[in-house]
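Note sheet for the following structure.
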Amino acid sequence: MALIKCDFFSEVLTISTSMTVILPEETTSQIGLKNNRSDGKIPVLYLLHGFSDDHTIWSRRTSIERYAAEYGIAVVMPQVDHSFYADMQYGKKYWKFISNELPRIARSFFPLSTKREDNFVAGLSMGGYGAFKWALRKPEQFAAAASLSGVLDIATHVKKTREEEDPVGNAIYQVYGAQDLNGTDHDLFAVVQNLLASGQELPQLFLACGTEDYLWEDNQKFHQFAEENNLPLLHTFSRGTHDWGYWDEKIKEVLAWLPIKK
């Protein structure tokens with residue numbers, strides 16, 4: 001596998017930014033690692049970070065490079081600050097960046113597939129929310145999406161956080177201002193209802209959250225909503241908290257679950 005730190009300029013953000021990229025490499029003599037690389041364009045997983053992290057965190061806290069090797073998949077990990085993958089009220093347009101500019105730029109640098117069946121998105125916490133938001137608002141882009149310990153009830157989460165006078169509340173205010181998020185394009189429940197009404201094909205969904213995680217109720221609520229609406233969702237609720245030990249294990253399950261064409 002090749003691990004690349006890519007610095008580039010974003011026209012949308014009007015600033016230089018970064019992404020970490022893992023690219024598959026077919027090897028026969030590398031000890032302790034099974035590498036696969038198919039011919040042609042490479043399937044890709046966009047892997048999103050959480051609120052306190054950046055584009056380097058998945059490669060620093062997990063063995064994502066080793067796990068991805070046997071699947072012959074590229075992994076693109078962008079930097080999005082505290083944005084919750086939104087066009088911020090008092091900041092930069094990270095939704096436009098992530099959902100439009102980033103794939104175009106990544107494909108211009110690397111031989112990544114443009115086919116829906118070869119594109120996937122996953123993330124943890126804020127990034128788990130971002131993965132579902134991206135896939136459900138842009139279902140034509142992705143075959144599957146996975147949320148690990150995601151902030152899936154964003155309207156309730158933001159309402160609670162606004163009541164707390166701390167740096168997290170201030171950061172979230174920069175994203176959403178005083179806006180009520182219920183029923184908006186930020187609200188996953190509203191996004192799903194709009195998608196179902198449109199008749200578009202939904203991506204396959206994977207949801208995981210530890211039963212000791214402070215976001216477990218959010219995830220339970222989304223799971224129940226998914227069942228009521230017959231969403232194509234696989235869920236796993238097992239013992240675990242909001243930590244990297246849990247996410248390191250679950251990202252292996254996500255990779256095994258993804259419908260990657262061999």
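Filter segment 197-228 for residues that are of a type in the set (S, T, N, Q) and in a helix (DSSP H, G or I) and give the result. Across segment 197-228, the qualifying residues are SER198, ASN219, GLN220, GLN224.
Select from segment 170-181 the residues that are within 18 Å of TYR94 (Cα to Cα) and either at pLDDT 90 or above or under 22 Å from the mean Cα position of the chain (by Cα) (or both) and list them in ascending order. Give the derivation first.
Applying the first criterion (within 18 Å of TYR94 (Cα to Cα)) to segment 170-181 yields 170-177, 179, 181.
Result: ALA171, ILE172, TYR173, GLN174, VAL175, TYR176, GLY177, GLN179, LEU181.
Of the numbered criteria (1) without any contact (Cβ under 8 Å) to a residue 40 or more places away in the chain; (2) in contact with a helix residue (DSSP H, G or I) (Cβ under 8 Å, 6 or more places away or on another chain), the one ASN230 fails is (2).
Please find, within segment 147-187, the residue that is farthest from PHE132 (Cα to Cα) out of those that are of a type in the set (D, E, K, R) and assigned to a helix (DSSP H, G or I). Write out each step before concluding.
Just the residues of segment 147-187 that are of a type in the set (D, E, K, R), to begin with: 153, 159-160, 162-166, 180, 185, 187.
Subset that is assigned to a helix (DSSP H, G or I): 159-160, 162.
Values: LYS159: 20, LYS160: 21, ARG162: 23 Å.
Among those residues, the one meeting the criterion is ARG162.
Every condition in (1) in contact with a Lys or Arg (Cβ under 7 Å, 6 or more places away or on another chain); (2) outside any helix (DSSP H, G or I) is met by LEU47 except one, and the failing one is (1). Among the residues of segment 24-34, not a single one is in contact with a Leu (Cβ under 9 Å, 6 or more places away or on another chain) and under 30 Å from HIS186 (Cα atoms).
Does ALA69 satisfy being buried (at least 24 other Cβ atoms within 10 Å of the Cβ), small (Gly, Ala, Ser) and more than 26 Å from THR14 (Cβ to Cβ)? Outline the logic, then answer.
Details: buried (at least 24 other Cβ atoms within 10 Å of the Cβ): no; small (Gly, Ala, Ser): yes; more than 26 Å from THR14 (Cβ to Cβ): yes.
No.
Among the residues of segment 122-169, what is the count of those that are of a type in the set (S, T, N, Q), without any contact (Cβ under 8 Å) to a residue 12 or more places away in the chain and farther than 18 Å from MET88 by Cα? Please lay out each step first, then the result.
Of the residues in segment 122-169, the ones of a type in the set (S, T, N, Q) are 125, 141, 147, 149, 156, 161.
Subsequent filtering for residues that are without any contact (Cβ under 8 Å) to a residue 12 or more places away in the chain retains 161.
If we keep only those that are farther than 18 Å from MET88 by Cα too, we end up with none.
Result for segment 122-169: 0.
Within segment 190-235, if we keep just the residues that are charged (D, E, K, R) and surrounded by 17 or more Cβ atoms within 10 Å (Cβ to Cβ), the residue that is farthest from LEU136 (Cα to Cα) turns out to be ASP213.
The values are calculated or read from the model by the stated rules, or taken from the named source; none is laboratory data. Worth saying up front: this structure is predicted, and the values here are computed from it rather than measured. Every residue, glycine as well, gets a Cβ built from its backbone with ideal geometry; the counts of neighbours run over all protein chains shown.
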